[in-house]
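Student: Below are the structure tokens for one structure; questions will follow.
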Amino acid sequence: MELCSKCYKKSKPILILLLLLLVSCHNDTKVKQQVKSEKIQVKKSNSIQKPKAPDLYIDIQPYEGLDDELSKYIFKELSKVHPRVSMLPLISLPQRAYYKPRNRYRADTLIYLQKNIAKPNHVILGLTHKDISTDNNNIYDWGVMGLGYQPGNACVVSTFRLKKMNLKEQFYKVAIHELGHTQGLDHCPDKTCLMTDAEGKNNTDNEKGFCEKCKSHLIKKGFNL
Ligand SMILES: [Zn+2]
Ligand SMILES: [Zn+2]
């Protein structure tokens, strides 16, 4: 019994030690595995990050008859808020967009034609002095200051319905409003925001700039606002 007792006494710490070793080894493996799986998780979450959207280019398309000073002004002002603005050579207004009964051009046809010639990652901003129109709910051929896809790669703006005394400023405000639509922005409830709805009137003079919400949306799209 002595032996037994001796053995027992001796064997007990060894057993406990062995058990402790086993437990610590087991725990160690667990920690390592956790670290490993954490690394894998980090790797996985990095690999599913959205790729950066390609840079956007803004191409200004002046249509024949527009005062050269006006297209240059739009180019100058847009270049202050966007790093990639260029001017396309002047072209004549497509006959296909002409609406003879009211001597004006269909804005929906113009942006459709622009859409088809736009290069990838480019948006074409058409500028004209002619009256432009589109369908508005149940009204066929409703005169507008501008029209753009939301979102999309084409928009068009006309000087025809703008106030002559501050034509340049109004033209720019409508142009950047339509560009905002092409970048996915909807109409804004803030009446001083450039994205406010015209609602059939010309309230452009009340617009002071983009509200914080619209501004942050455009900054994410590459605008310097
Ligand atoms: Zn609008
Ligand atoms: Zn806004």
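The values are calculated or read from the model by the stated rules, or taken from the named source; none is laboratory data. Quantities reported herein were computed from a predicted structural model and do not represent experimental measurements. When we count neighbours, we look across all protein chains shown, and the Cβ atoms used for this are built from the backbone with ideal geometry, even at glycine. In case anyone asks, the SASA skips ligands and DNA or RNA and just uses the protein heavy atoms, side chains included. Shrake-Rupley method; radii C 1.70, N 1.55, O 1.52, S 1.80 Å.
Student: Check residue 154: other-chain or 5+ apart residues with amide H under 5 Å from its amide H, H built from backbone geometry?
Tutor: 124, 149
Student: Something else about it: Which cross-chain or sequence-distant (5 or more) residues have an amide H under 5 Å from the amide H of residue 118, H modelled 1.01 Å from N in plane?
Tutor: Excluding prolines and chain starts, which carry no amide H, there are no hits.
Student: Kindly write out, for the range 207-218 in residue order, the coupling ³J(HN,Hα) from the Karplus curve 6.51 cos²θ - 1.76 cosθ + 1.60 (θ = phi - 60°), rounded to whole Hz, with x marking Gly and Pro.
Tutor: Karplus-based 3J(HN,Hα) across the range 207-218 equals 7, 9, x, 7, 5, 4, 5, 5, 4, 5, 4, 6 Hz.
Student: In this model, which of 115/208; 115/191; 72/215; 115/215; 130/163; 52/76 are farther than 18 Å apart at the alpha-carbon? Walk me through the numbers on the way to the answer.
Tutor: On the way: 115/208 30 Å; 115/191 30 Å; 72/215 24 Å; 115/215 25 Å; 130/163 14 Å; 52/76 27 Å.
115/208; 115/191; 72/215; 115/215; 52/76, as the Cα separations exceed 18 Å there.
Student: What FRET efficiency comes out for the pair residue 142/residue 167, r = Cβ-Cβ distance, R0 = 25 Å, nearest 0.05?
Tutor: Numbers: r = 22 Å, r/R0 = 0.87.
Efficiency computed from Cβ-Cβ geometry: 0.70.
Student: Each label point is 7 Å from the Cα along the Cα-to-Cβ direction; what then is the distance between the points at residue 96 and residue 197, in nm?
Tutor: Label at residue 96, label at residue 197, 3.1 nm between them.
Student: Then there's this: Would you mind counting up the charge near residue 125? Only other residues with Cβ under 9 Å from its Cβ, with Lys and Arg at +1 and Asp and Glu at -1.
Tutor: Working: positive: none; negative: 59, 178.
Counting the neighbours of residue 125, the net charge comes to -2.
Student: For the range 149-212, what is the largest minus smallest coordinate of the Cα atoms on each principal axis, given in angstrom and ordered from greatest to least?
Tutor: The principal-axis extents, from largest down, are 31, 24, 19 Å.
Student: Could I ask something else about it? How high is the FRET efficiency from residue 225 to residue 64, r the C-beta distance, R0 30 Å, rounded to 0.05? Don't jump to the answer; show the numbers that get you there.
Tutor: On the way: r = 32 Å, r/R0 = 1.06.
After rounding to 0.05, the efficiency reads 0.40.
Student: Further question on the same structure: Taking the Cβ of residue 85 as the center, what net charge do the other residues with Cβ under 13 Å away carry, scoring Lys and Arg +1 and Asp and Glu -1?
Tutor: Within the 13 Å Cβ shell, the charges total +1.
Student: Please list, ordered by chain and number, the residues whose modelled amide H lies under 5 Å from the amide H of residue 104; skip anything fewer than 5 residues away on the same chain.
Tutor: 99
Student: Normalised by the number of residues in the range 89-215, what is the relative contact order in percent for Cα pairs under 8 Å and 6+ residues apart? Don't skip to the end; give the middle numbers.
Tutor: Numbers: 224 pairs, mean separation 22.6, N = 127.
RCO, the range 89-215: 18 percent.
Student: Is the range 68-194 best put as rounded, prolate or oblate by its Cα gyration tensor, with a ≥ b ≥ c the root eigenvalues, rounded for a/c under 1.5, and otherwise prolate when a/b is larger than b/c, oblate when not? Provide the component values of the computation, followed by the final result.
Tutor: Details: a/c = 1.26, a/b = 1.19, b/c = 1.06.
Taking the square roots of the gyration eigenvalues as a ≥ b ≥ c, the range 68-194 is rounded.
Student: Using a probe radius of 1.4 Å on heavy atoms only, what accessible surface per residue do you get for the range 71-225? Whole Å² is fine. Could you put the intermediate results ahead of the total?
Tutor: Numbers: 8030 Å² over 155 residues.
On a per-residue basis, 52 Å².
Student: Sort 172-182, 210-220 by the packing proxy (mean of other Cβ within 10 Å over each peptide's residues), most packed first. Provide the component values of the computation, followed by the final result.
Tutor: Numbers: 172-182: 23.9, 210-220: 16.3.
Result, highest mean Cβ count within 10 Å first: 172-182, 210-220.
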